[in-house]
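Worksheet: the structure to be examined is printed underneath.
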Protein chains: 2
Amino acid sequence: MSSSSVMQKIVALSKRRGFVFQASELYGGLNGFWDYGPLGVLLKNNIRDAWWRAMVLSPPIGPDGNPLSIVGLDTAIIQHPQTWVASGHAQGFSDPMVDCHESKGRYRADQLVVFDVPAEKGGEKITLRIAAVAADDAEESVLKRAQKLARAAGGRPAKVDKLDPPVVYTALNAEEQKIVYGPDASAPGTLTEPRQFNLMFESYAGALKDESNKVYLRPETAQGIFLDFKNVLDSSRVKVPFGIAQIGKSFRNEVNPRNFVFRSREFEQMEMEFFCSPEDSRKWYEFWVQARLDWWLGLGVKKESLKIRHHDADELAFYSTATADIEYAYPFTAPDYGELEGVAHRGAYDLTQHQNHSKTKLEYFDQEKNLRYIPHVIEPAAGLTRALLVLLCEAYTFDEKRASPEILNLHPKMAPIKAGIFPLVDKDGMPETAHALYMDLRKKYVCQYDAKQAIGKRYARMDEAGTPYCVTVDGETAKDQTVTVRDRTTGNQERVSLDAVPRFLAERLDS
Amino acid sequence: MSSSSVMQKIVALSKRRGFVFQASELYGGLNGFWDYGPLGVLLKNNIRDAWWRAMVLSPPIGPDGNPLSIVGLDTAIIQHPQTWVASGHAQGFSDPMVDCHESKGRYRADQLVVFDVPAEKGGEKITLRIAAVAADDAEESVLKRAQKLARAAGGRPAKVDKLDPPVVYTALNAEEQKIVYGPDASAPGTLTEPRQFNLMFESYAGALKDESNKVYLRPETAQGIFLDFKNVLDSSRVKVPFGIAQIGKSFRNEVNPRNFVFRSREFEQMEMEFFCSPEDSRKWYEFWVQARLDWWLGLGVKKESLKIRHHDADELAFYSTATADIEYAYPFTAPDYGELEGVAHRGAYDLTQHQNHSKTKLEYFDQEKNLRYIPHVIEPAAGLTRALLVLLCEAYTFDEKRASPEILNLHPKMAPIKAGIFPLVDKDGMPETAHALYMDLRKKYVCQYDAKQAIGKRYARMDEAGTPYCVTVDGETAKDQTVTVRDRTTGNQERVSLDAVPRFLAERLDS
């Protein structure tokens, strides 16, 4: 199956089974916004709770054998606008954008590639400069369009199979940009000059829509943590090294939302700022890169699906001495990888900025060393909604050998529904026995009781929902008090004593 | 202690112990926005999880003895703007507001009361018309101001102890409003005419700030549920009666945010829409009023702190046949009660509106009855952040007899930290034993290990944090393998076998 058709199948399954719906589909949808359905919200909550447990409720054991000290926080989405001046988002958090007068299309200028296509007009050699959105098939699409564009210009294209490598639109000067054909244009010169477009959503708090009331929806949860650094220090008796963790929604007015929930305008983040002494910061950076990779593996993501990419020196923010991305092999990036989580050494940058802008000391006093300093920060920042996408991609399995070939092989602990409880047929006392088991199990696990349709159909529905176990009460149950437990991944069934079902599940789900 | 000083103490404790911080305090704060600190987010998550469990993971048993069918959902905060036209929020979700030219103050016009104060000028009787913000002491404050205002007008006030009952500002006609003294004005006629102010935050999705891109931050989570009604029906095999539940942030650009987190501009809701047949709807309405009241009692809110207020006929929305508020005796409303949760019979209003505006059928087909209809809706809608305030108010206890008099008597299941684990002194093997116990317990419960300062101080800190149990390893532990367990509420201590501590906690926290 091709990568794009895998992605189509995942999107279709997500809608059909209630993982992800397009937001406001009833009104034609809203580009870049998504709703999480009954199964989606359960899966998302399982990821959220696993992260929160690993960070706040039961943080990792540190190099000294003691648990790390990490506390939780939940800050407002709307903060004082000065926050974003101090953080740099008000000035720098923008993408270059061009509009096309003809097609009314909008493009990220740094994602447009421009090819020089040789043509001929009245016996003279000319060059058509044709833009396309950067993609593997960009050259192909440009060659396809070249015929038509050359004729429209009164000439004809030269015969070429291969073009020179393209240049990025933003590398052209203003004069050169004026003769470019836009990706959806029939004539050259329809693209505007690139302009910087700030990605923060704006609003006004208070009745007057003036500058004094302008506010922004946070583009990341991290800054809320820095704003409360002093409050946490004063109220929680934490000592460096310690972390502050937060899960919540963020908003980015993306020019081109794309790839399902991968790049959306409203999304959820799981971010932790780990405050440490400057001299220990490198050690903690390495600790967190490894700890975060291990966490993803623990959710059932295969080692070969993940990659750690260390940023090159010229790619680092000026204040960062090291940053690594944990990348995942998404169907739409394969065989390449795309970002899943970033672990950044941010130095003392953020606290220093807020100290300067607020004129409030944000130093830490180390009593043992009798030393006052601004802590350095290691930031593991992951996307929660992106994590849901990764788990769906990772779990999605198409097995032609099975009657219902679509299966979500989710890690049992991440699965929205833990067990399906079925009577084989809807009579002979089977429903009563199965329902009694369901009533017992539901106190502890999300289970689904289902007595309708053929058993094969019921198994198939649970396979698509990612339910790891199906327990069926059948004709033998009344005789020997056993049931079958079917494993979603293998399709194998084993007979288990009715009494032993809670223990069977506990062994696989509770450890 | 007076109600207002109780409230001040709760606000101070909330900040000091890390329950609630003012958002962006570093930059002078932002009116109507709050952050939840390390203890606050744990308490809020406990309430959130209790609601989600009671609604989605393990819904109540219905009148037929079977569990109700309720699924979860998590929809985007930003939806298609047509949503708010259909729901009525775009037209009707507004407050009347007046500004004062002189004081620059802004007031809810329907919360201003106007008194007629008799005065005398040049031997003639005149009337000063003086406004105040509605409150118990409004008349008193007007009488105080009357002296000064009458002299400024060149007269003197008549001697009166009691004024005629006031009228609400909006009940005056435009001419009458022109001669009113504003609540903070020195001359009459400085108030603007009331104008309707829509409470939805506005923004733009996409690069162009034009009408076509205007979006709103949701003022309630409920509409997201109605938008996905059909998607849930198509993907989840639910049958009427069933519910869809959602927890998430909502935003209202309140004219006067007030009373701590009670009325803030960014807040969190827990809403459930229960879809049922029209003929059963009254029965379900009554079911949910009772079920929701029981739920609050189960969180440790005392019966006498709660009140059910049934809306009068003239108070009901035109589409509603019954609505009840579950009210709480807040310190700032006492001896009156204020809203905590609303349970509304919304009829078929919302689905009908969205069906009409989207031109998409939102009917349900009842196979057994062979009947097609738009379900009626019962909506229990509670505030999560308001629930946190209620639990803080309910738990706050000032006991002069105790060395550290401030105690949060939170229900053990709601408490952010379940147990403090202390060595009596930081030597003689006590820290090792206490730390080993801590390492064992932390796998299951949020615990705090603390070896610093006098034991009384450590108990007091846990009392303020609402921690129900403190386990202390002391000199006897090495001899007989017992520890003391101290109960926060009574201050009593009992000796418990070291081995038995996990069971002691499990019996009190896990049921």
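Observations on the structure shown:
- The set of residues in the range B:12-23 being within 23 Å of B:Lys457 (Cβ to Cβ) and either surrounded by fewer than 24 Cβ atoms within 10 Å (Cβ to Cβ) or more than 18 Å from the chain's Cα centre (by Cα) (or both) consists of B:Ala12, B:Leu13, B:Lys15, B:Arg16, B:Arg17, B:Gly18.
- Meets criteria (surrounded by 23 or more Cβ atoms within 10 Å (Cβ to Cβ), touching a His at 6+ places or on another chain (Cβ under 7 Å), at negative phi and of a type outside the set (Lys, Arg)) for B:Leu26: yes
- Test: residue in the range A:144-161 that is under 34 Å from the mean Cα position of the chain (by Cα) and either farther than 26 Å from A:Arg258 by Cβ or crowded, with 20+ Cβ neighbours inside 10 Å (or both): no
- Filtered residues of the range B:193-217 (kept if in contact with a helix residue (DSSP H, G or I) (Cβ under 7 Å, 6 or more places away or on another chain) and in contact (Cβ under 8 Å) with a residue 24 or more places away in the chain): B:Glu193, B:Pro194, B:Met200, B:Ala205, B:Tyr216
- Of all the residues in the range A:394-437, those that are closer than 23 Å to A:Glu304 by Cα and either of a type outside the set (Ser, Thr, Tyr) or out of contact with any helix residue (DSSP H, G or I) (no Cβ under 7 Å at 6 or more places or on another chain) (or both) number 15.
Residue-by-condition table, conditions (1) touching a helix residue (DSSP H, G or I) at 6+ places or on another chain (Cβ under 9 Å); (2) free of Cβ contacts under 8 Å to residues at least 40 places away in the same chain; (3) of a type in the set (D, E, K, R):
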| position | (1), (2), (3) |
| --- | --- |
| B:Ala132 | yes, no, no |
| B:Ala135 | yes, yes, no |
| B:Leu143 | no, yes, no |
| B:Gly155 | no, yes, no |
| B:Gln177 | yes, yes, no |
| B:Ala187 | yes, no, no |
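- When A:Glu341 is tested against (1) surrounded by fewer than 17 Cβ atoms within 10 Å (Cβ to Cβ); (2) under 26 Å from A:Val11 (Cβ atoms); (3) acidic (Asp, Glu), just one condition goes unmet, and that condition is (1).
- Among residues of the range B:354-373 that are over 20 Å from B:Pro81 (Cα atoms), those with a beta-carbon under 8 Å from a residue that is loosely packed, with under 11 Cβ neighbours inside 10 Å at least six positions away or on a different chain give the pairs B:Glu363/B:Arg372; B:Tyr364/B:Arg372; B:Phe365/B:Arg372; B:Asp366/B:Arg372.
Results for (1) in a loop (DSSP other than H, G, I, E, B); (2) touching a His at 6+ places or on another chain (Cβ under 6 Å); (3) buried (at least 18 other Cβ atoms within 10 Å of the Cβ), shown as yes or no for each residue.
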| position | (1), (2), (3) |
| --- | --- |
| B:Met414 | yes, no, yes |
| B:Lys427 | yes, no, no |
| B:Ala434 | no, no, yes |
| B:Tyr438 | no, no, yes |
| B:Lys444 | yes, no, no |
| B:Gln453 | yes, no, no |
| B:Thr489 | yes, no, no |
| B:Arg495 | no, no, no |
| B:Pro502 | no, no, no |
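- Within the range B:167-200, the set of residues being more than 14 Å from chain A (Cβ to nearest Cβ), buried (at least 20 other Cβ atoms within 10 Å of the Cβ) and either among the aliphatic types (A, V, I, L, M) or under 31 Å from the mean Cα position of the chain (by Cα) (or both) comprises B:Tyr169, B:Val180, B:Gly182, B:Pro183, B:Ala185, B:Leu191.
- Answer residue from the range A:133-164, given it is of a type outside the set (Gly, Ala, Ser) and more than 22 Å from A:Glu120 (Cβ to Cβ) and is modelled with the highest pLDDT among those: A:Val133
- Residue list for the range A:350-363, filter: surrounded by fewer than 20 Cβ atoms within 10 Å (Cβ to Cβ) and either among the small types (Gly, Ala, Ser) or under 23 Å from A:Thr321 (Cα atoms) (or both): A:Thr352, A:Gln353, A:Asn356, A:Glu363
- For the range A:205-214, a residue qualifies if it is more than 10 Å from every other protein chain (Cβ to nearest Cβ) and more than 30 Å from the chain's Cα centre (by Cα), and the qualifying residues are A:Asp210, A:Glu211, A:Ser212.
- Residues in the range A:31-48 that are part of a helix (DSSP H, G or I), at the interface with another protein chain (Cβ under 9 Å from one of its Cβ atoms) and either under 27 Å from A:Ala245 (Cβ atoms) or of a type in the set (A, V, I, L, M, F, W, C) (or both): A:Leu39, A:Gly40, A:Val41, A:Leu42, A:Lys44, A:Asn45.
- Looking only at residues in the range B:377-390 that are over 8 Å from the mean Cα position of the chain (by Cα) and surrounded by 24 or more Cβ atoms within 10 Å (Cβ to Cβ), the one that is nearest to B:Asp294 (Cα to Cα) is B:Pro380.
- Selection count, the range B:465-487, where residues are part of a helix (DSSP H, G or I) and either crowded, with 19+ Cβ neighbours inside 10 Å or polar (S, T, N, Q) (or both): 2
- Positions within the range A:18-30 being under 12 Å from A:Leu392 (Cα atoms) and within 7 Å of chain B (Cβ to nearest Cβ), in sequence order: none
- Residue check, A:Thr360 within 14 Å of chain B (Cβ to nearest Cβ) and either more than 22 Å from A:Ile61 (Cα to Cα) or in a strand (DSSP E or B) (or both): yes
Residue-by-condition table, conditions (1) in contact with a Pro (Cβ under 9 Å, 6 or more places away or on another chain); (2) among the basic types (Lys, Arg); (3) closer than 30 Å to B:Met7 by Cα:
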position	(1), (2), (3)
B:Arg402	no, yes, yes
B:Asp428	no, no, no
B:Ala434	yes, no, no
B:Lys443	no, yes, no
B:Tyr469	yes, no, yes
B:Thr472	yes, no, no
B:Gln481	no, no, no
B:Arg488	yes, yes, yes
B:Phe504	no, no, no
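- For the range B:301-319, filtered to residues that are part of a loop (DSSP other than H, G, I, E, B) and of a type in the set (A, V, I, L, M), the residue that is surrounded by the most Cβ atoms within 10 Å (Cβ to Cβ) is B:Val301.
- Which numbered condition A:Tyr181 fails, given (1) modelled with pLDDT under 90; (2) touching a Lys or Arg at 6+ places or on another chain (Cβ under 8 Å): (1)
- Residues of the range A:320-328 include at least one that is more than 29 Å from A:Arg461 (Cα to Cα), at pLDDT below 95 and crowded, with 16+ Cβ neighbours inside 10 Å.
- Subset tally (residues that are out of contact with any Ser or Thr (no Cβ under 6 Å at 6 or more places or on another chain), in a strand (DSSP E or B) and within 8 Å of another protein chain (Cβ to nearest Cβ)) for the range B:64-118: 7
- Scanning the range B:215-243 for residues that are more than 8 Å from every other protein chain (Cβ to nearest Cβ) and either in contact with a Lys or Arg (Cβ under 7 Å, 6 or more places away or on another chain) or closer than 20 Å to B:Gln82 by Cβ (or both) yields B:Tyr216, B:Arg218, B:Pro219, B:Glu220, B:Thr221, B:Ala222, B:Gln223, B:Ile225, B:Phe226, B:Phe229.
The values are calculated or read from the model by the stated rules, or taken from the named source; none is laboratory data. Given the structure is predicted, the values throughout are model-derived calculations rather than measurements. We place every Cβ from the backbone using ideal geometry, glycine too, and count neighbours over all the protein chains shown.
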